[in-house]
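This report refers to the structure that appears directly beneath it.
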Amino acid sequence: MKIAIVILNWNGKTLLEKFLPSIINFSNQKNVEIYVADNASTDSSVQFVATQFPTVKIVQNATNGGYAKGYNEALKHINADIYGLVNSDIEVTEHWLNPIISTFEKNANTAIIQPKILDYKNKTAFEYAGAGGGFIDKFGYPFCRGRVFSKLEVDTSQFNDEIDIFWASGACFFIRSEVFNKVLGFDEDYFAHQEEIDLCWRVQNLGKTIKYVGTSTVYHVGGATLKEESPRKSFLNFRNSLFSLVKNLPKSKLIPIIFVRMILDGVAGVKFLFELRPIHTLAIIRAHVSFYYYLPKMFKKRKLSIQNNTYFLVNSIVWQHFIKKVNTFKALKKY
């Protein structure tokens, strides 16, 4: 299989200087090519890569369309069987590709794979964006093995396995190019955040599987583009999660699930007020306004999906975490 490691970049010269060498050193295989997909950077990152890393190929996008459009545009110019979408703040490890390639070769129905994602700043802990593989609850709230909301677990090899998951992290995300093109890539209305969850949902609607491979490890800085405390990040996460529900929920569940979800979002807004973070409450309000604006468009996109009833792992991660005080994946009560 021909594999393209594609690193999306926007004004990330410092990150490329720090993390690109590990990707080059540990991806030195004849069937692997490395690309930097530049999202109209205004710094010197493109010139830096061209000068310092001449073996790395560069694809330049005309505008900064965020994660979703950035990858959609760049991948049109890349010929490969497998796309490896890797954040510019990812450090990879020796032989990291071997288990992923092997899993693709053994499982023809597997369309997407995520490795174990640990915290670059604390390498014994799982990292927020993906950890040990992603799931969602009935109301669309995402969580991971190794991460329940902001509670992160220490890596004690508890997730060194290979399992089917619901979503793979966009921080390090391998997908068969044939499948990526069949589902028309990422939804560009998302701009950034949770577009990978929507794409994974649509891929599963095709009958394909998504796997986590815990014998491959990468380290992620996290928050390099939008910091965790950014209200912009809150806006995108709340809005885009609602987008995914409208696009992919079974028809019978659509209205009741969205209704409850809007209430839960309101509760989150009140919680932010009590935490003296009113700017995040405002972000949720803006997210709902934007959601209503895009609602007709999202309804039209439902035609591209075949909805299923088996999308969630637990009924309410909000209830289990905030009320029952469950902080680890293994302590969650499924369904």
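The values are calculated or read from the model by the stated rules, or taken from the named source; none is laboratory data. None of these values were measured; they are calculated from a predicted model. Note that each Cβ is placed from the backbone with ideal geometry, even for glycine, and that neighbours are counted across all protein chains shown.
General remarks:
- Meeting the requirement of 2 or more residues that are surrounded by fewer than 19 Cβ atoms within 10 Å (Cβ to Cβ), the helices (runs of 4 or more DSSP H) wholly within the range 1-95 are 13-25, 45-52.
- Across the range 96-128, the qualifying residues are those that are surrounded by fewer than 22 Cβ atoms within 10 Å (Cβ to Cβ) and small (G, A, S), and the one among them that is nearest to S27 (Cα to Cα) is S102.
- Of the residues making up the range 200-217, just one is out of contact with any strand residue (DSSP E or B) (no Cβ under 8 Å at 6 or more places or on another chain) and either hydrophobic (A, V, I, L, M, F, W, C) or on the phi > 0 side of the Ramachandran plot (or both), namely G207.
- The listed residue being part of a helix (DSSP H, G or I) and not small (G, A, S), out of N309, N240: N240
- Matching residues, the range 187-222, being in contact with a Pro (Cβ under 7 Å, 6 or more places away or on another chain) and either among the aromatic types (F, W, Y) or surrounded by fewer than 22 Cβ atoms within 10 Å (Cβ to Cβ) (or both): T215, T217
- All positions within the range 96-123 that are touching a residue at least 24 places away in the same chain (Cβ under 8 Å) and either outside the structural domain of A168 (by TED's automatic domain parsing) or assigned to a loop (DSSP other than H, G, I, E, B) (or both): W96, N107, N109, Y120, K121
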